[in-house]
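Each remark here refers to the structure printed beneath this line.
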Amino acid sequence: MKFDNLLRYAVRVIDAYSGEKPLHIWLKDFFRANPQMGSTDRKLVSEMVYCFYRLGYSLNNISPAERILIGIFLCNDSQNGALEYLRPEWNAAISKSPEEKIELLQMNFPDFSANQIFPFKSLLSAGMDHTAFCLSFLKKPELFIRIRKGKEEIVRAKLREKKIYFKEAAPDDQLLFKACSFANGTRLDGILDLNREAVVQDLSSQKTGSFLKLPGMDPEKIIRAWDCCAASGGKSILLADLYPTLDITVSDIRKSILENLRKRFAEAGIIRYQAFEKDLTRVTDLPKQTYDLIVADLPCTGSGTWSRTPESLFFFNPESVGPYSEKQKLILSNIVRCLKPGGVLVYITCSVFAAENEEVADYIRNAGELQPVRQQMITGYSENADSLFAAVFTRS
């Protein structure tokens, strides 16, 4: 009876949610307005809802309740109380691989395949494994930290003292600092001195550090850099660790973001910086100075991070990609005016769509002002991480 009620509650949530705000925020508001549920039941209902959205575009012709149960089956690998009560035969097979589970489901849903979860293969960037990317939606991504230089033993000791399970990332030429991963939802605040000792940053985002540390850029001389869409400031802190004498400017269109960034910089011990709120689609908002290095992690669909927010895939409209691509080109056309001769532009997105990645990189190259150095689709699905695109250009 309990799981029948929880399932009905989850369906009620899904019927009411329209994607207008992030699901985790909307759920908090929903549960606040419906306080009759205890914390354990709220957690179970939330899990059911997320499992529904992790199926993306697949199985959209069946009832929400049935889709929730299939999602629970595919997204878990240990015994589940709801499945034991409602679908015991699936619960008995819960430890099988996703591929084996899909094959089992095909007995009742013969047209179902993993590739239906994200049916936009033709829009993907080169280097993306479509099936592997689809399957990644069925697993919660991990939480990653980048340990700041000299803090490695301190961080390890604190985690071991509190018996927090963690994995250290395997050696990788693209990882310039030690990285650790944790189960999704692990609380680290109060255990680590975040931002001063370690920075919460996705593994693929950490790998963009190899695009920021370039031959010919002397880390001992003052590097004037501009993180033009700084958001939470993770890459700015990475820059500060790469270039000790960094003179950095950060900007964003959102005032609230910059306020949070200032707090984070204070925690990280970064005091030498300038910050301003600007709309970079307008030439009049450009800074007057020029820079040795510009980091342009521009607004995009965020499709490389959708395994963290699977509701974004469910409500995705393919027509939204084009406007993002045009906005990226406009911003890049503007900010390149602020790049010094010999300077470096690093273009980054957390998108998997070619229109936001290779096509924009081609646009930069074809404009003739900058020369390409290298570009890469950083695929994170094999490491339970996000997928990002990065490209480096220089002005001769």
Go through segment 331-355 and count every residue that is under 18 Å from Lys207 (Cβ atoms) and under 19 Å from the mean Cα position of the chain (by Cα). 7
Enumeration of residues in segment 51-69 that are within 19 Å of Phe133 (Cα to Cα), out of contact with any Cys (no Cβ under 8 Å at 6 or more places or on another chain) and either in a helix (DSSP H, G or I) or assigned by TED's automatic domain parsing to the domain that holds Thr309 (or both): Phe52, Tyr53
Going through segment 306-315 in order, the residues found to be more than 23 Å from Leu203 (Cβ to Cβ) and either at pLDDT below 95 or surrounded by fewer than 19 Cβ atoms within 10 Å (Cβ to Cβ) (or both) are Phe315
Could you go through segment 144-165 and let me know if any residue there is closer than 30 Å to Trp90 by Cβ, aromatic (Phe, Trp, Tyr) and buried (at least 19 other Cβ atoms within 10 Å of the Cβ). no
Under 21 Å from Lys43 (Cβ atoms) and over 30 Å from the mean Cα position of the chain (by Cα), is that true of Asn80? no
Given (1) more than 17 Å from Asp297 (Cβ to Cβ); (2) touching a strand residue (DSSP E or B) at 6+ places or on another chain (Cβ under 8 Å); (3) at pLDDT 95 or above, where does Ser204 come up short, assuming only one miss? (1)
Being closer than 15 Å to Lys139 by Cα and either at pLDDT below 95 or touching a Pro at 6+ places or on another chain (Cβ under 8 Å) (or both) is the filter here, so list the residues in segment 100-122 that pass it. Ala114
Look at segment 364-385 and say how many of its residues are touching a residue at least 24 places away in the same chain (Cβ under 8 Å) and in a loop (DSSP other than H, G, I, E, B). 6
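Of all residues in segment 274-310, count the ones that are out of contact with any Asp or Glu (no Cβ under 7 Å at 6 or more places or on another chain) and more than 18 Å from Phe353 (Cα to Cα). Show your work before the answer.
Quick first cut of segment 274-310, residues out of contact with any Asp or Glu (no Cβ under 7 Å at 6 or more places or on another chain) only: 274-276, 280-284, 286-294, 296-299, 302-303, 306-310.
Still in the list and also more than 18 Å from Phe353 (Cα to Cα): 274-276, 280-284, 286-294.
Qualifying residue count, segment 274-310: 17.
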If you take the residues of segment 277-305 that are in contact with a Leu (Cβ under 8 Å, 6 or more places away or on another chain) and in a strand (DSSP E or B), which of them is modelled with the lowest pLDDT? Glu277
Please verify whether Ser236 is in contact with an Asp or Glu (Cβ under 6 Å, 6 or more places away or on another chain), crowded, with 16+ Cβ neighbours inside 10 Å, assigned to a helix (DSSP H, G or I) and not β-branched (Val, Ile, Thr), treating the condition exactly as stated. yes
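The values are calculated or read from the model by the stated rules, or taken from the named source; none is laboratory data. Remember, predicted model here, so these are calculated numbers, not experimental data. Positions of Cβ are backbone-derived with ideal geometry, glycine not excepted, and every protein chain shown enters the neighbour counts.
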